[in-house]
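**Student:** Pasting in a structure now, in structure tokens, and then I'll have a few things to ask.
The values are calculated or read from the model by the stated rules, or taken from the named source; none is laboratory data. Computed from a predicted model, the values in this text were never measured in an experiment. Don't worry about glycine lacking a Cβ; one is built from the backbone with ideal geometry, like all the others, and counts go over all protein chains shown.
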Amino acid sequence: MPAMKRLSFNAVVIFLIVALFQVSAFSQSPDEKAAFSKVVSSARQMKNMTASFRETKRLKMLSDAVEKTGRLWYQSPSSLRWEYDSRNYGVYNQKGGYMVRDGHRDGASSRGFSAMGKMVTSMMSSLSEDMKEFSVSYDMESGKLKVTATSASARMKAMVDRVIMVFDVSTCHIRSFEMVNNAGSTLIVFSSVTTDTEIDRQLFN
């Protein structure tokens, strides 16, 4: 399914943020366990989230990194928008999902994004067997919690080898997300993160 793989990073970001909150982690220190529990509790109570991001993609086939910026919106239980700009974005809601590229809907990409969007929002609202497809460890440094997830199933390994996420323990907000696979790596650095504030529902239409 080429379209799904091409879109997997856009959608899997949110899927993994929440999925990792609900799997058992390896044995850690009391302070690390307390920090992880705090982040988990905050995530489970989150109704929505908005953030700006900078995406840096490094591929083995390219000599230079590719950088993009954009915005993310999530509304519980099943609405998601990942936007690079007004002409390139993806939307998922209860009716399904679609992708817009260069101002026009992309049929093949829309099918992939719809499938990924369904998985993402279901992970955010309920437990699923998919959450067992990762092994998770975490550690703390300078008030930041770093969570590392390694794919434990062939299905997930087809999309990602490992994911590294960093959270600010004081606010429980995500600060960065890095996905590593055979093709290279993609790093997302988040800023202006807000949760549980009013979001215009038109963004998800």
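**Student:** Going through the range 62-105 one residue at a time, which ones are in contact with an Asp or Glu (Cβ under 6 Å, 6 or more places away or on another chain) and assigned to a strand (DSSP E or B)?
**Tutor:** K68, G70, R71, Y89, M99, listed by residue number.
**Student:** Next question, about the same structure. Do the conditions hold for V39, that is, is it modelled with pLDDT under 90, within 28 Å of S192 (Cβ to Cβ) and not in a loop (DSSP other than H, G, I, E, B)?
**Tutor:** Against the criterion (modelled with pLDDT under 90, within 28 Å of S192 (Cβ to Cβ) and not in a loop (DSSP other than H, G, I, E, B)), V39 qualifies.
**Student:** Looking only at the range 80-105, count every residue that is of a type in the set (D, E) and closer than 19 Å to R54 by Cβ and tell me the total.
**Tutor:** The qualifying residues number 2.
**Student:** Search the range 34-52 for residues that are crowded, with 16+ Cβ neighbours inside 10 Å and pair each with any residue that is in a helix (DSSP H, G or I) and of a type in the set (V, I, T) when their beta-carbon atoms are under 7 Å apart and the residues are at least 6 apart or on different chains.
**Tutor:** From the range 34-52, the pairs are A43/V18.
**Student:** Just give me the residues in the range 69-109 being within 27 Å of E198 (Cβ to Cβ), free of Cβ contacts under 8 Å to residues at least 40 places away in the same chain, surrounded by fewer than 17 Cβ atoms within 10 Å (Cβ to Cβ) and out of contact with any Lys or Arg (no Cβ under 7 Å at 6 or more places or on another chain), in sequence order.
**Tutor:** If the condition is that a residue be within 27 Å of E198 (Cβ to Cβ), free of Cβ contacts under 8 Å to residues at least 40 places away in the same chain, surrounded by fewer than 17 Cβ atoms within 10 Å (Cβ to Cβ) and out of contact with any Lys or Arg (no Cβ under 7 Å at 6 or more places or on another chain), then R71, D85, S86, R87, Q94, K95, G96 are the ones that fit.
**Student:** While we're here: Look through the range 152-168, keep the residues that are free of Cβ contacts under 8 Å to residues at least 40 places away in the same chain and of a type outside the set (G, A, S), and return whichever of them is surrounded by the fewest Cβ atoms within 10 Å (Cβ to Cβ).
**Tutor:** Result: R155.
**Student:** Output the residues belonging to the range 190-205 that are in a strand (DSSP E or B) and surrounded by fewer than 17 Cβ atoms within 10 Å (Cβ to Cβ).
**Tutor:** Once the filter is applied, which keeps residues that are in a strand (DSSP E or B) and surrounded by fewer than 17 Cβ atoms within 10 Å (Cβ to Cβ), the range 190-205 yields S191, S192, T194.
**Student:** Does the range 108-154 hold any residues that are at pLDDT 75 or above and part of a helix (DSSP H, G or I), and which are they?
**Tutor:** A108, S109, S110, R111, F113, S114, A154
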